[in-house]
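Undergrad: Have a look at the structure that comes next, please.
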Amino acid sequence: MTSLARVERPVAWADLPLITFIVDTGAVADIELRKVRHDPIELITRAAQPILWLLIFGQVIAATRAIPTGGLPYLDFLAPGVLAQSALFAAIFYGITIIWERDMGVVQRYLVTPASRWALVAGKALAAGLRSLVQAPIVYIIALLLGVHASLDPLRLVGVAFAVVLGSAVFALFSLTIACIVRTRERLMGIGQLMTMPLFFASSAIYPTSLMPDWLKVLSAVNPLTYMVSALRELMVSPTVDPVAILGDLGVLVLACAILLAIATKLFPRVAV
Amino acid sequence: MTAAVETSALTRRFGSLTAVDSIDLEIGSGEIFGLLGPNGAGKTTTIRMLITLLAPTSGSARVAGFDIVRSAQDVRRSIGYVPQLLSADGTLTGYENLLISARLYHLPREERRKRITEALESVGLVDSSDRLVRQFSGGMIRRLEVAAAMLHRPDILFLDEPTVGLDPVARDAVWSLLRDLSTDSATTILLTTHHMEEADQLCDRVAIMDLGHIAVVGKPSDLKAAIGPDASLDDVFTTYAGHGIEMGGGYRDVARTRRTASRVG
């Protein structure tokens, strides 16, 4: 090594937990997003699925006029649901990255740094959220082309972006938590596939919860996807905006994020053993 | 001189298996110290406790003067770690691999680029800094990992089987890199190995470890001389452990070693 000067306390904020949390979360998320830049193909191909839902499923169901949507054209009703679904499907398998990185030794290398443990998990969740955000414009454009009355009001677009990132982070954290518990790729894939269907169908993504039997309504009430869809529907296609309802939905997602982050952070060091 | 690493009855059990059984070690500042033993001897478990990845079942240890349980965060600031697995991220470039280390070690922003460039120079990887690591050879990845682990100038560098699976040329390059580190920056180096030659060539002192115990500690030359005039470290190992070093090794260790070796190619 050419320069041997040691850094005793590298930076002034190294002992402030909240600041290290924020800075380290940014560092981890930034590195994750660099991987996307090196290989963007995966993300682009993934945008195909929501497009197919809108084009095929959406057109057929719209033609049947079988689903009461409270005055919205069915495609308008469906578009936010498909946006939320694309985030769910991408994020629910995100935990596989830490199993992969554990097998490579990357997790171990990060865990021996003085970085905030919370940030090592939160950075991944943030990256998952930002990855989903890449798909949002694609869904938006297709929806507009299909005649969906999606709002282009800048403030509402910011709200949509926030809801997409937050909702994806919830499902990514859920996936990371499961990954820390099951610790193998195969089991995580199995559980991910098992969870996707009830999460999707026990939500208001493709039909209103009013159509559900009572027991399913209960399930949908504790399903974060319901709140994500509800916020997105309000922000994206609702003719009138109800800020209280939106803040309520986002509040539930923030709470879910915080709880899952705490659990995942607690379990995270187990992965390395 | 204060000890860089000091353990006292350090023990780790996994269920009924005692992987590390009450070991007492003292490693001086600036030493290159080798934990020598077969797969399954408890070397990796010992290292994992010392670097705060794994809590001891009982006993204690101090690393760079800090207790590994009570002052884990101070320990982390004082050490660098190169795992047995090739842990550089293949989906990132060489530069980015060092960048994430620099950021997680909280190096000041204005120093990062300079340090990363210096580190890449010191391991001879400047020309490859913008290539994805998945295109690197095993020897290049190892050198990159040493650079990443040294960015924050740790007092103590831990390496778990640093040359397993490397060809002789790459292995010699890693050895000379470690020797330079030891001479130039007085970094204490603790490595595990099951290669007698590595212990003999590189280490100032070795501890022979078998079945969770430390059988003997000393300079390779002294240990050999105590057995006989033409003794090798193999003979030393057999004398103290009662069997050759090729024995032992659970499925998990062997599987991991093979996986590392196959990634090295």
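Undergrad: Hey, what's the per residue convex hull volume over the C-alpha atoms of the range B:2-157, in cubic angstrom?
TA: Dividing the Cα hull volume of the range B:2-157 by its residues yields 127 Å³.
Undergrad: What angle, in degrees between 0 and 90 and rounded to the nearest 10, separates the Cα long axis of helix A:74-91 from the longest principal axis of the Cα atoms of chain A?
TA: 20 degrees
Undergrad: Quick one: Karplus J couplings for the range B:9-18, per residue in order, coefficients 6.51, -1.76, 1.60, θ = phi - 60°, nearest Hz, x for Gly and Pro?
TA: 6, 5, 9, 9, 10, 10, x, 8, 8, 9
Undergrad: Which order do the peptides A:80-92, B:97-109, A:155-167 come out in when sorted by mean C-beta neighbours inside 10 angstrom, highest first?
TA: Highest to lowest by the protection proxy: A:80-92, B:97-109, A:155-167.
Undergrad: Further question: How large is the Kirkwood hydrodynamic radius of chain A, counting all unique pairs of alpha carbons, in Å?
TA: In chain A this quantity evaluates to 19.7 Å.
Undergrad: Mind listing the phi-derived Karplus ³J(HN,Hα) values for the range B:169-175, rounded to whole Hz, using 6.51, -1.76 and 1.60 with θ = phi - 60°, and x for any glycine or proline?
TA: Per-residue couplings from phi come out as 5, 5, 4, 4, 5, 5, 4 Hz.
Undergrad: How big is the charge dipole of chain B about its Cα centre, in debye rounded to the nearest 20, if each Lys and Arg gets +1 on its Cβ and each Asp and Glu gets -1 on its Cβ?
TA: Details: 29 positive and 34 negative charges, 230 e Å.
For chain B, the charge dipole is close to 1100 debye.
Undergrad: Can you give the convex hull volume of the alpha carbon atoms of the range A:32-158 per residue, in Å³?
TA: Convex hull volume per residue, Cα atoms: 141 Å³.
Undergrad: Let me ask something additional. Using all alpha carbons of chain B, what is the percent of pairwise distances in each 10 Å bin, ordered from the shortest bin to the longest?
TA: All Cα pairs, binned at 10 Å, distribute as 7, 30, 37, 21, 5, 0 percent.
Undergrad: Any chance you could run the full-extension gain for B:ASP180 through B:ARG131? It's 0.36 nm times the residue separation minus the Cα-Cα distance, nm to one decimal.
TA: 15.1 nm
Undergrad: Can you give me the pair-distance distribution of the range B:86-218, C-alpha pairs, 5 Å bins, whole percents?
TA: The distribution over the range B:86-218 is 2, 10, 20, 21, 20, 13, 8, 5, 2, 0, given as percents.
Undergrad: Same structure again: For the charge dipole of the range A:15-272, defined by +1 on Lys and Arg C-beta atoms and -1 on Asp and Glu C-beta atoms about the Cα centroid, which residue among A:ALA125, A:LEU188, A:ILE206 has the Cα displaced farthest towards the positive pole?
TA: Positive-end residue among those listed: A:LEU188.
Undergrad: Ok, one more. Quick check on the exposure proxy: order A:LEU54, A:LEU144 from fewest to most C-beta atoms within 10 angstrom.
TA: Working: A:LEU54 22, A:LEU144 13.
So the residues, fewest neighbours to most, are A:LEU144, A:LEU54.
Undergrad: Any idea what the dipole of the range A:15-272 comes to, in debye rounded to 20, about its Cα centre with Lys/Arg Cβ at +1 and Asp/Glu Cβ at -1?
TA: That gives a dipole near 560 debye.
Undergrad: Considering only C-alpha atoms, what is the centroid distance from the range A:139-188 to the range B:61-89, in Å?
TA: 37 Å
Undergrad: Also: For an R0 of 25 angstrom, estimate the FRET efficiency from the Cβ-Cβ distance between A:VAL36 and B:GLU110 and round to the nearest 0.05.
TA: E(calc), rounded to 0.05, equals 0.35.
Undergrad: Set the Förster radius R0 to 30 Å, insert the Cβ-Cβ distance between A:ASP214 and A:ALA258 as r into 1/(1 + (r/R0)^6), and round the FRET efficiency to 0.05. Don't skip to the answer; put the middle values down first.
TA: Details: r = 29 Å, r/R0 = 0.97.
Taking R0 as 30 Å, the efficiency between A:ASP214 and A:ALA258 is 0.55.
Undergrad: What are the extents of the Cα atoms of the range B:67-127 along their three principal axes, listed from largest to smallest and rounded to whole Å?
TA: Computed over the Cα atoms, the extents are 42, 30, 20 Å.
Undergrad: Then there is this: Any idea how far the Cα center of the range B:28-50 sits from the one of the range A:230-273, in Å?
TA: 45 Å
Undergrad: Turning to a different aspect of this structure: Please turn the phi angles of the range B:114-127 into ³J(HN,Hα) values with the Karplus equation 6.51 cos²θ - 1.76 cosθ + 1.60 (θ = phi - 60°), one per residue in order, whole Hz, x for glycine and proline.
TA: Result, rounded to whole Hz: 4, 5, 5, 4, 4, 5, 5, 4, 5, 10, x, 10, 4, 5.
Undergrad: So, one more: Which FRET efficiency value, to the nearest 0.05, is calculated for A:LEU145 and A:ILE19 with the Förster distance at 35 angstrom and r the Cβ-Cβ distance? Can you show the working numbers first?
TA: Numbers: r = 45 Å, r/R0 = 1.27.
With a Förster radius of 35 Å, E is 0.20.
Undergrad: Sticking with this structure for a sec: List the equivalent ellipsoid semi-axes of the protein assembly as shown in whole Å, largest first, each obtained as the square root of 5λ for an eigenvalue λ of the Cα gyration tensor. Before the final figure, lay out the partial values.
TA: Working: eigenvalues 544, 104, 81 Å².
Each semi-axis is √(5λ); the values are 52, 23, 20 Å.
Undergrad: Could you please report the charge total around A:ARG233, scoring K, R as +1 and D, E as -1 over all other residues with beta-carbon less than 12 angstrom from its beta-carbon?
TA: On the way: positive: A:ARG156; negative: A:ASP76, A:GLU234, A:ASP242, A:ASP249.
Result for the neighbourhood of A:ARG233: -3.
Undergrad: Contact order normalised by length for chain B, with contacts defined as Cα pairs under 8 Å and 6 or more residues apart; what percent is it?
TA: 27 percent
Undergrad: Please give the helix B:251-264 orientation as an angle from the longest Cα principal axis of chain B, in degrees from 0 to 90, rounded to the nearest 10.
TA: 40 degrees
Undergrad: Relative to the Cα centre, what is the charge dipole magnitude of the protein assembly as shown, using +1 at the beta carbon of each Lys and Arg, -1 at the beta carbon of each Asp and Glu, and rounding to the nearest 20 debye?
TA: With only Lys, Arg, Asp and Glu charged at Cβ, the dipole is about 1360 debye.
Undergrad: If you don't mind, another one. Can you tell me the relative contact order of chain A? Whole percent, Cα pairs under 8 Å, sequence separation 6 or more.
TA: Computed over chain A, the figure is 26 percent.
Undergrad: Still on this structure, I have one more. Can you tell which of A:LEU43, A:THR226, A:LEU145 lies farthest toward the positive end of the dipole of the range A:15-272, using +1 and -1 charges on the Cβ of basic and acidic side chains (Lys, Arg; Asp, Glu)?
TA: Comparing the listed Cα positions along the dipole, A:LEU43 ranks first.
Where a number appears in this text, it was derived from the coordinates with a stated rule and is not lab data. This is a predicted model, so every value here is computed, not measured. All Cβ positions, glycine included, derive from the backbone under ideal geometry; neighbour counts span all protein chains shown.
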